[in-house]
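Chemist: First, the structure itself, so that you have it in front of you.
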Amino acid sequence: MTKEYQIAALPGEGIGLEVVEATLTILQQVAIKHDFKLQVDYGVIGQAAFQQYGSYFPESTSQLCSQADGILFGAVSRGGLLELRKKFDFFVNLRPVKIIPSLLDKSSLKSDRLAGVDILFVRELVSGIYFGASGRGEDALGNYGYHTMQYYDWQIKRIAEVALAKAKARRGLLTVAHKENALPHLPWTKLVEEVAQEYPDVIVEPMLVDNLAMQLIINPQHFDVILAGNLFGDILSDLGGALVGSIGLLGSASLNESGFGMYEAIHGTAPNIAGKNLANPLGTLASAMMMLEQWGEVAAVKSLQQARDTILSQGYRTQDLYSHGTETLVTTQELVELFLEELF
Ligand code: IPM
Ligand code: MG
């Protein structure tokens, strides 16, 4: 029997609309090729949801998501996203950063530093400073604001478990981002090392987050899996965009304990190019590939990777990647057409 998957599509705002539409068109084609079906239902989130329902993450969207096999997310400027992550306890955020050989010259780093770079960021997504006690107040010294970086030990240990398992299945090196010289009550090193007792073949390498940021630029080839809390993971993974040449290429998966997930590019709404058919859909497509992989549709993922690599090696570039005359500048829509031809 033909398998059928339900996708909850949440385009959000800005280029989110275009990149989700583009990705879904490509996905429908790969589904035909590999003999499965995709049922897509749309939900609102962010500003659009607020205008319509007075809530950035309305109950109807939450319902829609809970009935789906996966959530394909576009982008929002503010509101809705953190609630969605928290609602489904998407504590695992996987952000792969892998160099595409035909785009080596797009990075601001020298090519010989980049060849073979293949990093997996594992970012904790539902705790830390994004979700700790916060507010504004006033005392004798003036007005103030605060956000608290709080982690339960078990929250660090459960994300450590995921990162260790990933490292074990890859090259066996887990770098742990921490800031224990200033924040000693968040002992990431000790907690990860406790869990690592069960993973004798993984080398755990604790690294101060400021040094880690520098090492990512000096020697990106060193890294395999990088584990970080919510805020540090957010900041470090954008460096990944600089490494591969455009943040528009990077995708992510956010998963909970049962493997249910939401899939989104790591870029934002890009209001300056929104609605102009210029956006790069490859970040959202990369996220959708992670969704297919999670469902076990590995042959479909292979087809998509091949199509993407062929198109890029032929020199087709959306404007974020276009730099010289030997390349062909394409719109979002034209890039989709190229995929449809490749996947036919
Ligand atoms: C990301 C984004 C979000 C984050 C913003 C939009 C809240 O930067 O997913 O990387 O910080 O988590
Ligand atoms: Mg970010």
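Chemist: With respect to the numbered conditions (1) within 30 Å of Leu10 (Cα to Cα); (2) buried (at least 20 other Cβ atoms within 10 Å of the Cβ), which one is the sole condition not fulfilled by Leu114?
Modeler: Evaluating Leu114 over (1) within 30 Å of Leu10 (Cα to Cα); (2) buried (at least 20 other Cβ atoms within 10 Å of the Cβ) leaves (1) as the failure.
Chemist: Pick from region 242-278 the residues that are more than 12 Å from ligand 1 (Cβ to nearest atom) and assigned to a helix (DSSP H, G or I): which of them is surrounded by the fewest Cβ atoms within 10 Å (Cβ to Cβ)?
Modeler: Ala242
Chemist: May I pose another question? Within region 62-84, can you find the residues that are away from ligand 1 (no atom under 12 Å from the Cβ), outside any helix (DSSP H, G or I) and of a type in the set (Ser, Thr, Tyr)?
Modeler: Scanning region 62-84 gives no hits.
Chemist: While we're looking at this one, here's another question. One residue is enough: does region 289-299 have a residue meeting the conditions part of a strand (DSSP E or B), away from ligand 2 (no atom under 13 Å from the Cβ) and buried (at least 18 other Cβ atoms within 10 Å of the Cβ)?
Modeler: No, because not a single residue in region 289-299 is part of a strand (DSSP E or B), away from ligand 2 (no atom under 13 Å from the Cβ) and buried (at least 18 other Cβ atoms within 10 Å of the Cβ).
Chemist: Mind checking whether some residue in region 40-47 is more than 17 Å from Glu334 (Cα to Cα) and assigned to a helix (DSSP H, G or I)?
Modeler: The answer is yes; a qualifying residue exists.
Chemist: Name the pairs whose Cβ atoms lie under 9 Å apart, with the first residue in region 222-241 and part of a loop (DSSP other than H, G, I, E, B), the second near ligand 2 (Cβ under 10 Å from one of its atoms), and 6 or more positions between them or separate chains?
Modeler: Gly229/Arg123
Chemist: Across region 189-214, which residue is nearest to ligand 1 (Cβ to nearest atom) among those that are assigned to a helix (DSSP H, G or I) and touching a strand residue (DSSP E or B) at 6+ places or on another chain (Cβ under 7 Å)?
Modeler: Only one residue tops the list, namely Val209.
Chemist: Moving on. Looking at region 300-331, which of the residues that are among the β-branched types (Val, Ile, Thr), more than 23 Å from Ala31 (Cα to Cα) and surrounded by fewer than 17 Cβ atoms within 10 Å (Cβ to Cβ) is modelled with the lowest pLDDT?
Modeler: Thr326
Chemist: Oh, and also: Looking at (1) of a type outside the set (S, T, N, Q); (2) modelled with pLDDT under 95; (3) within 17 Å of the chain's Cα centre (by Cα), which is the one condition that is false for Gly283?
Modeler: Failed condition: (2).
Chemist: Of the residues Glu161, Glu180, Glu138, which single one is modelled with pLDDT of 95 or more and assigned to a helix (DSSP H, G or I)?
Modeler: When all the criteria are applied, what remains is Glu161.
Chemist: Here is a list of conditions, (1) free of Cβ contacts under 8 Å to residues at least 60 places away in the same chain; (2) away from ligand 1 (no atom under 16 Å from the Cβ); (3) not charged (D, E, K, R), and His147 meets all of them except one; can you say which number that is?
Modeler: Checking His147 against (1) free of Cβ contacts under 8 Å to residues at least 60 places away in the same chain; (2) away from ligand 1 (no atom under 16 Å from the Cβ); (3) not charged (D, E, K, R), the one that fails is (2).
Chemist: Out of curiosity, is Phe232 within 16 Å of ligand 1 (Cβ to nearest atom) and either in contact with a strand residue (DSSP E or B) (Cβ under 6 Å, 6 or more places away or on another chain) or at pLDDT below 95 (or both)?
Modeler: yes
The values are calculated or read from the model by the stated rules, or taken from the named source; none is laboratory data. Keep in mind that this is a model prediction, so the values were computed, not measured. Reconstructed Cβ throughout: ideal geometry from the backbone, glycine too, with neighbour counts over all protein chains shown.
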